[in-house]
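The values are calculated or read from the model by the stated rules, or taken from the named source; none is laboratory data. Here the structure is a predicted model, which means the values were calculated and not measured. Here the Cβ is made from the backbone with ideal geometry for all residues, glycine too, and neighbour counts use every protein chain on show. Heavy atoms of the whole protein, side chains included, go into the accessibility calculation; ligands, DNA and RNA do not. Shrake-Rupley method; radii C 1.70, N 1.55, O 1.52, S 1.80 Å.
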Amino acid sequence: MQFNNLLIETTDGIATLTINRPQVLNALNSDVVRELECALYELDLDTTVKVVILTGAGEKAFVAGADIKEMAELSSFEAHDFARKGQRLILMINRMRKPVIAAVNGYALGGGLELALACDFIYASEKAKFGFPEVGLGVIPGFGGTQNLARLIGPNKANELVFSGRIISAAKACEWGIVNELSAPEELLAKVLATAREIAGKGAVGVAYAKDAIASGLNMTKEDGFRYEASIFGVLFATSDQREGMGAFLEKRTAEFKGK
Ligand code: CAA
């Protein structure tokens, strides 16, 4: 499928998906949201892809939010519909079988931060900036930000960030647990790629179920989560990746996983 606002490059099982509207700091209009959903759906089905990296074109922004020019004229019904479509994209990233890593190369604001938070974890440039400026526009985050941020860093810090509309530094975002790792801007993609390669070298079935166990477990009681984890642990003993992984350890060789 052809995309007007996205670039996709796949090497050695790692797909890098770049949102490509640098003239508006990669703002998310409805076309971009739809293209992202289609592209990620295809990448999830593609068995040659093991890990997806999501980033923004240019040096200035990951994504500076939903497209304010498009949003400004929306009716209440259209705004609700836009939020639901954005949330569908966010939930889809959570449900994808393969890991999605956000490489935040600049501003991650509003819908951009929501997109990064939907990813399994975030690496960022030391120059990146994070925030939810929505209250300054008379609205609130609408792509799951109020929900995902509070779950990630707790309600108190989420309240401060969302109520103030303040833009925080990458260092602060790292200290608050939004970002896993910081690097110099020119080293960011190499750092993310190195981690993506590490993950891609593991059993893809195990990685997919680990993602599912962690994400699903967050919506369960701890006991239900434990039960779910044990069920998955058992199911994995029916896979060739389990036989290969444990066999390779015992034979003192590198495992060659097939992802099944
Ligand atoms: N939507 C549409 N266009 C945007 C945009 C956005 N979110 N962010 C930046 N742009 C455009 C600017 O309008 C500008 O276009 P022109 O050259 O045609 O004027 C271009 O990108 C470059 O931006 P600036 O000149 O503003 O760059 P700057 O360096 O001076 O400032 C910035 C950078 C602080 C990020 C500033 O652009 C900004 O504040 N952007 C808006 C951020 C924002 O409020 N995001 C939240 C949107 S609401 C949302 O996301 C709701 C939701 O949860 C779904």
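Structure above, values below:
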| quantity | calculated |
| --- | --- |
| Condition check for Lys127: open to solvent by 20 Å² or more (accessible area, probe 1.4 Å) and in a loop (DSSP other than H, G, I, E, B) | yes |
| Filter result for Phe82 (free of Cβ contacts under 8 Å to residues at least 40 places away in the same chain, in contact with a Ser or Thr (Cβ under 9 Å, 6 or more places away or on another chain), within 8 Å of the ligand (Cβ to nearest atom) and not charged (D, E, K, R)) | no |
| Met246 being farther than 30 Å from Ser183 by Cα, aliphatic (A, V, I, L, M) and assigned to a helix (DSSP H, G or I) | yes |
| Number of positions in the range 93-117 that are closer than 25 Å to Lys202 by Cα, part of a helix (DSSP H, G or I) and touching a Phe, Trp or Tyr at 6+ places or on another chain (Cβ under 8 Å) | 1 |
| Residue in the range 141-151 that is surrounded by 15 or more Cβ atoms within 10 Å (Cβ to Cβ) and at positive phi present | yes |
| Restricting the range 130-168 to residues that are of a type in the set (Gly, Ala, Ser) and not in a helix (DSSP H, G or I), the residue that is nearest to Ala184 (Cα to Cα) | Gly131 |
| Index of the failed condition, Ile90 passing every other in (1) open to solvent by 50 Å² or more (accessible area, probe 1.4 Å); (2) part of a helix (DSSP H, G or I); (3) in contact with an Asp or Glu (Cβ under 9 Å, 6 or more places away or on another chain) | (1) |
| Test for Ala190: is it out of contact with any helix residue (DSSP H, G or I) (no Cβ under 6 Å at 6 or more places or on another chain), of a type in the set (A, V, I, L, M) and either in the same structural domain as Thr10 (by TED's automatic domain parsing) or modelled with pLDDT of 95 or more (or both) | yes |
| Members of the range 47-72 found to be assigned to a loop (DSSP other than H, G, I, E, B), within 15 Å of the ligand (Cβ to nearest atom) and at pLDDT 95 or above, listed by number | Ala57, Gly58, Lys60, Ala64, Gly65, Asp67, Ala72 |
| Failed criterion for Ala108 (all others in (1) within 19 Å of the chain's Cα centre (by Cα); (2) free of Cβ contacts under 8 Å to residues at least 40 places away in the same chain; (3) under 16 Å from Gly165 (Cβ atoms) hold) | (2) |
| Matching entry among Ile122, Ile101 (being closer than 26 Å to Thr10 by Cβ, in contact with a Cys (Cβ under 8 Å, 6 or more places away or on another chain), touching a residue at least 24 places away in the same chain (Cβ under 8 Å) and open to solvent by less than 50 Å² (accessible area, probe 1.4 Å)) | Ile101 |
| Single unsatisfied condition, Asn156 versus (1) away from the ligand (no atom under 16 Å from the Cβ); (2) under 19 Å from the mean Cα position of the chain (by Cα); (3) surrounded by fewer than 16 Cβ atoms within 10 Å (Cβ to Cβ) | (2) |
